Amino acid sequence: MPAHNADVAAVFEEMADLLEIEGSNPFRIRAYRNAARTLRDLPREVGMMLDEGEDLTEMPGIGEDLAAKIKEVVQTGTAAALEEHRKKVPKTLTDLLRIPGIGPKRAKALYHDLNIRTLDQLQKAAQDGLVRSLQGFGEKTERYILNQLKERAGEEKRFQLAVATQYAGALVTYLRESPGVKQVVVAGSYRRAKDTIGDLDILVTAASGSLVMDRFVSYPEVEEILAHGATKASVRLACKLQVDVRVVRDDSYGSALQYFTGSKAHNVALRQLAQQRGLKLNEYGLFRGDQSVAGATEESVYAAVGLPWIPPELRENRGEFDSARAGRLPVLVEVADLKGDLHAHTKATDGHNSMREMAEAAGANGLEYLAITDHSRRLTMAKGLDPKRLFAQLEEIDRLNETLSSITLLKGIEVDILEDGSLDLPDEDLCRLDLVVGAVHSHFRLSREKQTERILRAMDHPCFTILAHPSGRLINERAPYDLDMARVIHHARERGCFLEVNAHPIRLDLTDTDCQMAKEEGVMLSINSDAHSTLDLGNLRYGVGQARRGWVEKKDVLNSRSLQALRPLLKRTMMNA
Ligand code: DGT
Ligand code: CA
Ligand code: CA
């Protein structure tokens with residue numbers, strides 16, 4: 001069974017967990033975690049890179065040893081070293097380690113001193129007040145663990161869009177090779193570019209449904225067949241992602257695509273519109289009595305109810321019908337509209353590539369400018385810049401700009417917003433930059449009032465330009481901090497600041513609905529990669545997807561401006577500041 005990037009990354013994460021429990025060298029643990037991150041973020045399948053004879057050690061953080069392990073996992077699905085460590089460490093311990101608040105020491109205490117073997121047992125022990133009595137715990141920790149366990153129980157596992165994209169891509173390629181296949185398209189939340197995907201819904205047109213279905217259920221990654229008919233089948237893949245496939249006839253393609261793209265709320269509203277015209281709409285077509293009136297294309301379905309085609313990202317029943325009727329659908333921003341990227345890191349802090357490598361990669365991606373925004377000193381873990389190192393970096397940017405022809409580097413910083421809303425570098429340093437990207441990296445648990453005031457105060461700084469990843473959420477890992485986003489957006493408008501749509505697949509922050517709120521308030525957004533390596537620059541498309549879901553048009557996007565048009569926008573009008 002071929003291993004995808006996410007699978008290889010999972011092997012490395014597990015290695016790191018096991019090493020952590022065993023108390024191994026922290027550098028070794030970090031190396032595995034970094035490699036896992038690199039693999040997760042990789043825009044291409046690492047198996048394919050191996051097939052093409054590429055040298056994996058050219059990737060950030062991958063040396064000879066890790067490259068060999070990647071190859072091993074791709075070829076065998078696992079690594080001998082992992083199996084060895086698995087034998088030594090009980091599985092319960094690694095399960096415990098996944099709960100926020102539980103590190104290796106606490107996991108071992110729970111395992112050895114309380115005999116915890118399952119998460120249910122942990123929950124019961126915490127409810128009974130047994131956990132607090134262990135050394136290294138306390139009442140507060142016990143409560144925290146209990147809350148974490150409850151949150152997890154209520155959560156269904158959804159896949160990051162970028163991860164689902166890898167599984168979808170491989171499967172679509174496979175299905176295209178079925179006999180007699182014409183179209184294969186992924187519909188559902190995937191086509192609507194939602195930030196997370198519950199399951200994949202794939203639509204196929206083919207001469208024979210059953211041949212496609214037979215091929216589908218024999219896909220090597222299928223772990224369980226949930227349903228297998230002549231036109232419908234569902235499976236669960238080994239990675240636990242469920243996939244539904246439907247085969248329809250050519251003349252139903254449009255109505256089936258419309259139906260399976262959803263959302264459900266959009267479909268319900270559309271069906272009502274059809275009913276008002278005496279029409280019946282389902283996945284097979286649009287009918288007046290038995291007579292088919294539309295269905296071969298999505299356009300024909302929408303046209304039959306008097307509407308223009310509506311882009312999938314808008315299909316959430318959040319006002320798209322009114323806009324469509326009024327002929328006022330937004331012309332949504334596209335990846336090709338982006339002229340630059342205003343948030344990127346280099347080796348100077350926690351990035352993997354040199355400034356020149358980042359610049360050349362961005363230029364090769366067709367960007368006209370790239371802002372270098374490394375971390376500020378407060379973030380010691382990331383080797384944040386102090387004024388002296390920042391100054392040296394600015395000189396390097398000047399030097400490099402003289403030799404670069406196709407791209408211009410802008411001088412920026414990702415400065416920490418401190419607990420009181422002040423910024424982590426002196427004013428004189430911030431004010432000589434082209435732009436200041438401010439971000440919260442600490443004190444996530446302030447009260448809503450305090451957190452909001454903190455960010456408003458940061459934006460009051462006359463040199464503040466863009467608020468990075470405004471909500472702070474990490475998908476499936478960390479909830480957003482408590483924040484009054486409406487006030488933040490309003491304040492950004494008053495101060496002439498911008499908000500980021502961070503395109504990293506684990507962030508996608510601002511979220512779609514907050515993008516829409518910003519747009520309505522007239523606050524321009526900056527769709528940024530937050531790249532920590534040249535490969536990350538390819539993530540911009542995910543940020544564009546979220547912005548599109550937020551009704552964002554080219555004119556609403558700061559970095560859709562040419563460099564010439566951008567420069568005056570970066571200069572804050574000091575009137576309000
Ligand atoms: P997900 O999978 O949770 O990320 O979200 P979706 O939107 O992909 O939902 P899913 O997979 O349950 O269904 C795919 C599409 O099928 C959905 O977007 C709309 C359509 N659909 C599903 N159930 C219904 C329904 O009860 N009524 C209507 N009108 N459409 C439905
Ligand atoms: Ca779905
Ligand atoms: Ca589905």
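The values are calculated or read from the model by the stated rules, or taken from the named source; none is laboratory data. Note that the structure is predicted; figures quoted are calculated from it, not measured. As a convention, Cβ positions derive from the backbone with ideal geometry for all residues, glycine included, and neighbour counts pool all protein chains shown.
Those residues that are assigned to a helix (DSSP H, G or I), at pLDDT 80 or above and under 20 Å from the mean Cα position of the chain (by Cα), I need them from segment 145-167; list them, please.
Answer for segment 145-167, where residues must be assigned to a helix (DSSP H, G or I), at pLDDT 80 or above and under 20 Å from the mean Cα position of the chain (by Cα): L161, A162, V163, A164, T165, Q166, Y167.
Can you name the residue in segment 168-185 that is part of a strand (DSSP E or B) and in contact with a Leu (Cβ under 6 Å, 6 or more places away or on another chain) and is also nearest to P505 (Cα to Cα) among such residues? For segment 168-185, the residue satisfying everything is V185.
Which residues, counting only those in segment 197-212, are more than 7 Å from ligand 1 (Cβ to nearest atom) and touching a residue at least 40 places away in the same chain (Cβ under 8 Å)?
L200, I202, L203, V204, T205, A206
All conditions in (1) part of a loop (DSSP other than H, G, I, E, B); (2) under 34 Å from the mean Cα position of the chain (by Cα); (3) polar (S, T, N, Q) hold for Q75, with the sole exception of (1).
When D120 is tested against (1) at pLDDT 95 or above; (2) away from ligand 2 (no atom under 16 Å from the Cβ), exactly one condition is not met: (1). Evaluating A256 against the criteria (1) in contact with a Phe, Trp or Tyr (Cβ under 9 Å, 6 or more places away or on another chain); (2) part of a helix (DSSP H, G or I); (3) away from ligand 3 (no atom under 14 Å from the Cβ) leaves one unmet condition, (3).
Out of curiosity, is D290 under 30 Å from L410 (Cα atoms) and not small (G, A, S)?
No, not satisfied.
Residue by residue, here is whether (1) more than 30 Å from N115 (Cβ to Cβ); (2) out of contact with any strand residue (DSSP E or B) (no Cβ under 7 Å at 6 or more places or on another chain); (3) surrounded by 15 or more Cβ atoms within 10 Å (Cβ to Cβ) holds:
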site: E22; (1), (2), (3): no, yes, no
site: R33; (1), (2), (3): no, yes, yes
site: V46; (1), (2), (3): yes, yes, yes
site: G53; (1), (2), (3): yes, yes, no
site: L56; (1), (2), (3): yes, yes, yes
site: G77; (1), (2), (3): yes, yes, no
site: L82; (1), (2), (3): no, yes, yes
site: V89; (1), (2), (3): no, yes, yes
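Entry remark, segment 260-278: residues being in contact (Cβ under 8 Å) with a residue 60 or more places away in the chain and in a helix (DSSP H, G or I) number 2 in total. Filtered by the rule that a residue be within 16 Å of ligand 2 (Cβ to nearest atom) and within 15 Å of A256 (Cβ to Cβ), segment 201-231 gives D201, I202, L203, V204.
Picking from residues in segment 232-253 that are without any contact (Cβ under 8 Å) to a residue 24 or more places away in the chain and out of contact with any Phe, Trp or Tyr (no Cβ under 9 Å at 6 or more places or on another chain), the one that is surrounded by the most Cβ atoms within 10 Å (Cβ to Cβ) is S234.
Here is a yes/no grid of residues against (1) more than 16 Å from ligand 1 (Cβ to nearest atom); (2) surrounded by 14 or more Cβ atoms within 10 Å (Cβ to Cβ); (3) farther than 21 Å from H4 by Cα:
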position: P179; (1), (2), (3): yes, no, yes
position: K182; (1), (2), (3): yes, no, yes
position: V186; (1), (2), (3): no, yes, no
position: E223; (1), (2), (3): yes, no, no
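If you go through segment 121-144 one residue at a time, do you hit one that is within 29 Å of P505 (Cα to Cα) and aliphatic (A, V, I, L, M)? The answer is no, given that none of the residues of segment 121-144 is within 29 Å of P505 (Cα to Cα) and aliphatic (A, V, I, L, M). When you check L281 against the structure, is it out of contact with any Ser or Thr (no Cβ under 9 Å at 6 or more places or on another chain) and outside any loop (DSSP other than H, G, I, E, B), yes or no? Here the answer is no, as L281 does not meet what is asked. Among the residues of segment 471-491, the one identified as part of a strand (DSSP E or B) and not aliphatic (A, V, I, L, M) is R478.
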